[in-house]
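In what follows, a single structure is set out as structure tokens and then discussed.
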Amino acid sequence: MSTANSEVERRLEGRYKHGFVTDIEADSLPPGLNEDVIAAISVRKNEPQWLLDWRLGAYRKWLKMREPHWAHLEIDPIDFQAISYFSQPKSDKDRPQSLDEVDPKLLETYDKLGVPLHERAKLAGVAVDAVFDSVSVGTTFKEELKKAGVIFCSFSEAVQDHPELVRKYLGSVVPRVDNYFAALNSAVFSDGSFVYVPKGVRCPMELSTYFRINAAETGQFERTLVVAEEGSYVSYLEGCTAPMRDENQLHAAVVELVALKDAEIKYSTVQNWYPGDEEGKGGIYNFVTKRGDCREDNARISWTQVETGSAITWKYPSCVLRGDNSVGEFYSVALTNNYQQADTGTKMIHMGRNTRSKIISKGISAGRGQNAYRGLVKVGKGAEGARNFTQCDSMLIGKRCGAHTFPYIEVQNPTAKVEHEATTSRIGEDQLFYCLQRGISEEDAVSMIVDGFCKQVFRELPMEFAVEAKALLEISLEGAVG
Amino acid sequence: MLSIKALQASVDGKSILKGLDLEVGAGEVHAIMGPNGSGKSTLGNVLAGREGYEVTGGSVTYQGKDLLELEPEERACEGLFLAFQYPVEIPGVNNTYFLRAALNAQRKHRGEPELDSVAFLKLVREKLKVLDISDDLLHRAVNEGFSGGEKKRNEIFQMAVLEPQLAILDETDSGLDIDALKAVAEGVNRLRSPDRSIVLVTHYQRLLDYIEPDKVHVLAGGRIAASGGPGLAKRLEEEGYQWLEDGGIGSVDGEADKATATA
């Protein structure tokens with residue numbers, strides 16, 4: 001048993017494959033946070049006064065807030081004055097108008113990440129809005145989307161081109177002072193993505209954003225806003241990676257989804273931020289607030305996440321089920337290896353009648369990884385006939401890791417039905433031996449078993465990303481092959 | 001095919017096999033019987049190379065190779081198959097996918113081209129027909145939610161697809177009702193062939209009513225205590241194992257009905 005496990009563990013000590021630094025001159029603000037810094041960000045982005053006021057309001061409240069410590073995480077103190085809050089590639093002065101004008105080094109970076117914009121976007125029919133550090137560098141398929149009436153652009157562009165939409169929906173799902181990290185983001189967010197799907201439109205392609213933190217000591221604070229008008233549909237995928245660095249980098253994003261009557265939003269995340277080295281040095285602190293609002297009847301929001309990276313993950317993509325018959329779903333795979341810690345889960349807030357939610361969470365812990373599922377199912381007084389099903393499975397690989405489950409259930413309506421199932425299993429020496437005995441190598445066996453464990457979640461991902469997620473999981477679990 | 005000499009093995013520091021000798025020729029079917037705790041399952045696990053089963057002495061030669069030198073997956077690729085007493089569930093992994101991965105790993109090892117899914121499916125359907133197994137089995141996850149009988153049939157099905165040279169069936173009859181037992185036995189009989197050796201490890205004689213072995217061995221105290229023909233199994237059924245343990249350890253290569261334990 002012990003020998004089998006140590007063998008598995010040896011193979012798990014994989015190397016982070018996206019750990020390269022792109023050598024581009026960055027135009028950064030000096031480290032530090034105060035009202036001047038916020039004003040400087042706002043000026044650089046040529047923002048209207050209301051947005052600057054909005055930022056400053058969040059900042060002033062943030063100063064009075066305290067870092068939350070209720071999660072099952074060990075976090076070294078963060079020095080917010082040591083972080084630079086804005087960084088963009090120098091070439092911003094004459095921002096590229098098309099992909100051809102984009103710095104080849106940037107494109108190379110995306111290639112290394114496996115996102116060849118030219119090829120991939122065209123072949124796969126994916127529109128990619130790539131965020132490099134804080135500024136969007138290229139958006140493909142904008143024209144095609146335009147024909148359908150879909151707006152898909154960087155957040156900064158949206159502020160310039162569609163200020164009325166931004167103003168209407170910004171902060172309407174995650175109030176700017178919702179929590180400590182959301183307030184920080186609201187004060188200093190630099191860029192992100194904006195999606196607007198008009199009434200009755202089915203977005204003709206998957207929308208995708210790749211985030212990557214490059215410059216040292218820069219926090220990345222993106223802001224994503226997706227609005228689906230009545231009867232519309234959109235599927236959005238974000239992928240994230242960051243280069244290897246010794247120090248911890250902070251990533252505090254906010255994502256807001258608004259689904260109106262009969263609208264559906266699928267939001268998928270494949271997150272592979274740098275997790276730190278085998279000793280737990282470095283890595284991204286991923287403190288993210290994601291929330292979807294099924295604002296009107298029959299709306300549907302589905303979160304799917306595959307989390308393999310970050311030193312620390314703190315995120316709870318949630319659904320507020322306000323409209324009658326609205327549906328919220330959360331499918332999650334979270335993997336922690338070495339010294340990674342994850343405290344992740346969801347909140348399903350049932351307010352409308354006959355609202356339904358489904359939670360499928362798969363936690364995988366290896367090395368000394370700690371994996372916690374934390375989920376809240378709340379059924380309000382008016383949520384007649386609300387239903388929830390939660391399934392929460394943990395898999396342990398080796399003997400030094402941990403899995404924890406913290407389900408919170410609050411029901412104020414007697415007609416509600418809430419189900420919770422949880423299992424914990426150890427990747428069996430039995431399962432491994434069974435595969436070996438049929439001739440399958442240990443490495444293939446481990447990835448096969450883990451893949452099977454995650455199947456319920458993977459099948460929620462768009463096809464090409466399911467393949468990518470599977471590959472990512474294999475990379476995160478594999479050793480230096482052999 | 002298989003030659004085991006003075007094999008000693010221990011589990012968690014406890015000595016289980018204490019000098020076991022066994023010769024299995026090509027195409028032969030051998031039954032190994034014995035009371036609980038005699039080391040029957042240990043033998044299967046040692047031969048398959050399971051972690052935690054430590055060989056402390058003796059040798060095992062399989063098709064001219066030192067079996068104990070090979071990794072478990074190499075042994076499988078060399079044609080050694082263990083039908084598990086408790087087949088393992090692998091949730092979410094499709095049975096067909098699993099089996100194709102196994103077959104292709106073995107084919108690759110032998111330097112043969114891998115089968116694509118169309119060719120594989122054709123092969124699988126032929127085998128299902130021969131074994132009279134419903135193809136519902138193909139669409140489910142490996143052993144997940146299978147009944148005891150289905151799990152054992154699935155083992156035989158895997159064996160049929162992988163076509164091993166040496167199959168060790170570890171208590172394949174345990175926990176089966178009579179219909180399932182007959183079906184499994186029928187499956188095994190169809191796989192008998194001049195170039196395939198089969199070792200049946202069983203506690204009860206009843207399996208041998210349906211699969212007639214060439215030789216029967218009794219394992220007691222970590223050694224082969226007696227050997228004989230099918231008649232030996234019948235005697236065990238009538239008299240139990242006590243006479244062997246009382247009579248000490250020995251080996252008799254007698255004719256079918258005359259097997260006795262030496263005093």
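Of the accessible area of chain B, computed with a 1.4 Å probe over protein heavy atoms only, carbon and sulfur atoms account for 46 percent. The dipole here belongs to the stretch A:252-320: it is taken about the Cα centre, uses +1 on the Cβ of Lys and Arg and -1 on the Cβ of Asp and Glu, and is about 140 debye. Taking every Cα-Cα distance in chain B and sorting them into 5 Å bins from zero, the calculated P(r) comes out as 1, 6, 13, 17, 19, 17, 13, 8, 4, 2, 0, 0 percent. Helix B:178-190 axis versus longest C-alpha principal axis of chain B: approximately 80°, rounded to the nearest ten. Output the 0 to 90 degree angle, nearest 10, between the alpha-carbon long axis of helix B:230-239 and the longest principal axis computed from the alpha carbons of chain B. Tilt relative to chain B: about 70 degrees. The translational diffusion coefficient of the stretch A:234-341, from Stokes-Einstein at 37 °C and 0.692 mPa s with a Kirkwood hydrodynamic radius over alpha carbon pairs, comes to 227 µm²/s. Taking Cβ atoms as reference points and 13 Å as the exclusive limit, the residues near B:Ile133 contribute a net charge of +1, counting Lys and Arg as +1 and Asp and Glu as -1.
Taking packing as the residue-averaged number of other Cβ atoms within 10 angstrom, the listed peptides B:209-216, A:435-442 run from highest to lowest as A:435-442, B:209-216. Taking the C-alpha atoms only, the angle from helix B:148-162 to the longest principal axis of chain B is near 80 degrees.
Hey, any idea what the orientation-averaged projected area of the convex hull of the stretch B:104-146's Cα atoms comes to, in nm²? Its average projected convex-hull area is 3.8 nm². Interface of B with A. Using a 1.4 Å probe and counting protein heavy atoms only, the two chains hide about 2100 Å² of accessible surface, both sides summed. Ranked by solvent-accessible area (1.4 Å probe, protein heavy atoms only, all chains present), the residues A:Lys315, A:Lys45 order from largest to smallest as A:Lys45, A:Lys315.
Each Lys or Arg adds one and each Asp or Glu takes one away; over the other residues whose Cβ falls under 9 Å from the Cβ of A:Thr313, this sums to -1. For B:Ser134 and A:Asp76, what does the FRET efficiency come to when R0 = 41 Å and r is the distance between their Cβ atoms, rounded to the nearest 0.05? Calculated transfer efficiency: 0.10.
The values are calculated or read from the model by the stated rules, or taken from the named source; none is laboratory data. Small disclaimer: the values here were computed from a predicted structure and weren't measured. Glycine gets a Cβ as well: all are built from the backbone with ideal geometry, and neighbour counts include every protein chain shown. For accessibility, only protein heavy atoms count, side chains too; no ligands or nucleic acids. Shrake-Rupley method; radii C 1.70, N 1.55, O 1.52, S 1.80 Å.
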